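The structure appears right after this line, and notes come after that.
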Amino acid sequence: MKVLGVETSCDETSAAVVRDGQEILSNVVSSQTALHRAYGGVVPELASRSHLQLISSVIDQALADAHIPIDEIDAVAATYGPGLASSLLVGLNAAKGVAFATGKPFAGINHVEAHLYSPLLANAALDALPMVSLIVSGGHTILAHATAIGTHEILGQTVDDAAGEAFDKVAKLLGLGYPGGPEIEKRAAQGNPAAIDFPRGMLHDNSYNFSFSGLKTSVLYFLRKNPHHHVPDVCASFQEAVVDVLVGKVVRAADQGSVKTVSVSGGVSINGRLREKLGAQCAQRGWKLLLAPAKLCTDNAAMIAALAYHKLQSGQPSDYSLEVAPSIGLGTGGR
């Protein structure tokens, strides 16, 4: 089954063709980072306008790269949430139009759920379940336990800022560029992660929830009291605090859940320090660590098409009445 996937939940316009849920035939991603950089964050109106301008050409390019004409596509899928409402509308309606015009089945996909299973796609490791999975991005920080594709339980999530959001906000406090994660990581490489003892919010409580708002505020107060601070040390110490919390929660969840597989997905999973520290913990305990390559960590249509294959195979198509769901969470098995 060849599935055409479409993703426009935020500021990436993406289309992909994936065969049988694992073989990526094409994955076109047009990023709007440069468009929004001057504003220090995504401007919804600009994002949706850009999606409108790009969606047709991105879909055409995905089909061309896959060397598959539109009438040989077996199904069409698109993100219906969560995300920016005006952006979601563009991709969802475009995909519905293609499905209707070609008479192919259509599937609406929760893109957080697609992130959850993307490391399985990237590593061709469908047999690695059950697993403890961390989804960590600009909008989400979620710890989940998955026993099968489409069957998962949320163990905990952020009670305030997502980890990626904290990176962006701290980068802005430091006068760095957007997006904040890569900017902080680049400078942290030259700093001392033990220079400043920033708080590790909720690291030792009994839940699997996360909190990064207090850490962000702690950085703000530190900068006010230390106007001549060393930026690399601040970046390294902040990054270490975030990574310690993420790794600590994942390790405890995997220990208590008696799983042998850990996965991490979402844009922040590209962070080298997170991969390094979690990798060391997994190696020490004999766990398999599944990580996706960078191109499958940020929002992309390949993960949408891959999950859609499994939804359709299990008899879960969507109809054309499906509407965007900007605030939908991960849930316990998606739509």
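What to note about this one:
- Of all the listed residues (VAL247, VAL268, VAL243), the sole one being among the β-branched types (Val, Ile, Thr), assigned to a helix (DSSP H, G or I) and over 18 Å from LEU155 (Cβ atoms) is VAL243.
- Residues of segment 282-335 classified as in a helix (DSSP H, G or I), open to solvent by 20 Å² or more (accessible area, probe 1.4 Å), in contact (Cβ under 8 Å) with a residue 12 or more places away in the chain and closer than 26 Å to GLY156 by Cβ, total: 3
- Selection over segment 22-45 of residues that are modelled with pLDDT of 95 or more, open to solvent by less than 60 Å² (accessible area, probe 1.4 Å) and in contact with a Leu (Cβ under 9 Å, 6 or more places away or on another chain) gives a count of 3.
- In segment 49-67, the residues that are open to solvent by 80 Å² or more (accessible area, probe 1.4 Å) form Cβ pairs under 9 Å with partners that are in a helix (DSSP H, G or I) and not aliphatic (A, V, I, L, M), at six or more places apart or across chains, as follows: ARG49/SER86.
- Among the helices (runs of 4 or more DSSP H) confined to segment 108-196, the ones with at least 1 residues that are in contact with a Phe, Trp or Tyr (Cβ under 6 Å, 6 or more places away or on another chain) are located at 163-173, 180-188.
- Residue in segment 258-265 that is crowded, with 17+ Cβ neighbours inside 10 Å and free of Cβ contacts under 8 Å to residues at least 60 places away in the same chain present: no
The values are calculated or read from the model by the stated rules, or taken from the named source; none is laboratory data. On a predicted model such as this, the values are computed, not experimentally measured, just so you know. Reconstructed Cβ throughout: ideal geometry from the backbone, glycine too, with neighbour counts over all protein chains shown. Each accessible area value is taken on the protein alone, full model and side chains, heavy atoms only, with ligands, DNA and RNA left out. Shrake-Rupley method; radii C 1.70, N 1.55, O 1.52, S 1.80 Å.
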